[in-house]
Amino acid sequence: MSDQPSTNNMKNTEKTVVVPLLVIATILAGMLSPMQSAVNGQVGKLLKDGNASAVVSFGSGLVVMAVIILARRSTRKQFASIPGKIAAKKIPWWNWIAGICGAMVVFSEGASASVLGVATFQTTLISGMVISGLLCDRLGIGVPEKQYFNFPRILGALLAIVATVLVVSPNWEAPKVIALAILPFLAGLLAGWQPAGNSAVAQETGSMLVSITWNFIIGFCVLGGVLLVRVLMGDVSFSLPTAWWMYLGGPLGLLSIALMALLVRGLGLLLLGLASTAGQLIGSVLIDWLIPQLGAQVYLVTVIGALVALIGAGIAMMPSAKKHVAVDELEN
């Protein structure tokens, strides 16, 4: 009995030390997302086509995942089972095409990130994802229990809209830039149900690695098909980038996914979401500020908008009151 208090104290001490370290690690991992946006944005600027940039990004990521999948017999077998599982229709068909959402995000990076700046791009993307997440929670998409709207969650969505308005406000006199800002916002709205689709495919196939690979295949096929049609019609010419770093977009995205999957075990979804969002926004502002060669200017209102987006995301992640009641009733 005398050892129990000391054991509890040791556990509390470990949590006090480990959790902050995991939060810092998650913030750093979150910075990979704006790095990916910066790379894909520069590829889009070089190739002068967001579609071509997205194909390069998805292609590089697909190569990495193919190597990982083919290296293990179990994942090869799980991947080979996909056609039969699609035919069996055990999960809704839309789960199998969730990769289109990722394709939209990467396309918007190539088409608009270099013009908007990474900070503005990431803030509008995250704002769209906040609103999408609330709608998916309310409709029960990808969650075991519906999350009802309440004041904090509605406030979070409104703050996401305010953040978007703030970061694009320096460009009110440039309609083309404002129009480009719509792309990441729409991509964020679509991205809300992508994790639900990927999770369903992972459960069906028995492997998250297979699910991610399938996600890349769908995105690559959609983007590659559109690009091929445009090339055949003579609307665009396509050539592969020559600089090695321009192929890092896909691998950076994969590394971010892998790190988040590891870190969520020690932090839980709420802390992970807040820390990764903070990392995305902090990293975005730092990239635009520290790399002037990207051509993006960091305004005070951009920083304020990023902070508002982070606050909005934090508020929106709060569970609804009805769920709290249900949990309390179960515990009693």
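Over 23 Å from the mean Cα position of the chain (by Cα), at pLDDT 75 or above, among the aliphatic types (A, V, I, L, M) and open to solvent by 30 Å² or more (accessible area, probe 1.4 Å), is that true of LEU286?
No, not satisfied.
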**Report entry** Residue match in the range 96-119 (condition: assigned to a helix (DSSP H, G or I), under 30 Å from PHE149 (Cα atoms) and touching an Asp or Glu at 6+ places or on another chain (Cβ under 7 Å))
**Finding:** yes
Query - Residues that are under 19 Å from the mean Cα position of the chain (by Cα) and either more than 17 Å from VAL201 (Cβ to Cβ) or surrounded by fewer than 18 Cβ atoms within 10 Å (Cβ to Cβ) (or both), drawn from the range 59-77 - result: GLY59, SER60, VAL64
Query - Residue in the range 197-209 that is open to solvent by less than 30 Å² (accessible area, probe 1.4 Å), assigned to a helix (DSSP H, G or I) and over 21 Å from LEU139 (Cβ atoms) present - result: yes
Query raised in the report: When you go through (1) over 21 Å from ALA313 (Cβ atoms); (2) open to solvent by less than 30 Å² (accessible area, probe 1.4 Å); (3) at pLDDT 85 or above one by one for ALA296, which number turns out not to apply?
Result: (3)
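For the range 66-95, give me the residue count where each residue is part of a helix (DSSP H, G or I), without any contact (Cβ under 8 Å) to a residue 60 or more places away in the chain and more than 19 Å from LEU209 (Cβ to Cβ).
Step one: list which residues in the range 66-95 are part of a helix (DSSP H, G or I), which gives 66-70, 73-80, 82-88, 93-95.
Add one more test, that the residue is without any contact (Cβ under 8 Å) to a residue 60 or more places away in the chain, and what stays is 67, 70, 73, 76-77, 80, 83-84, 86-88, 93.
Narrowing the set further to residues that are more than 19 Å from LEU209 (Cβ to Cβ) leaves 87-88, 93.
The qualifying residues number 3.
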Query raised in the report: Name the residues in the range 90-121 that are open to solvent by less than 20 Å² (accessible area, probe 1.4 Å) and farther than 25 Å from ILE178 by Cβ, would you?
Result: ASN95, TRP96, ALA98, GLY99
Query raised in the report: Going by the conditions given, is VAL236 in a helix (DSSP H, G or I) and hydrophobic (A, V, I, L, M, F, W, C)?
Result: no
Query raised in the report: Which one of ALA278, ALA258, ALA191 is among the small types (Gly, Ala, Ser), open to solvent by 20 Å² or more (accessible area, probe 1.4 Å) and within 18 Å of the chain's Cα centre (by Cα)?
Result: ALA258
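The values are calculated or read from the model by the stated rules, or taken from the named source; none is laboratory data. Remember, it's a predicted structure, so these values are computed and weren't measured experimentally. No Cβ is skipped: glycine too gets one built from the backbone with ideal geometry, and neighbour counts run over all protein chains shown. For the accessible areas, the whole protein counts, side chains as well, though only heavy atoms, and no ligand, DNA or RNA atoms are used. Shrake-Rupley method; radii C 1.70, N 1.55, O 1.52, S 1.80 Å.
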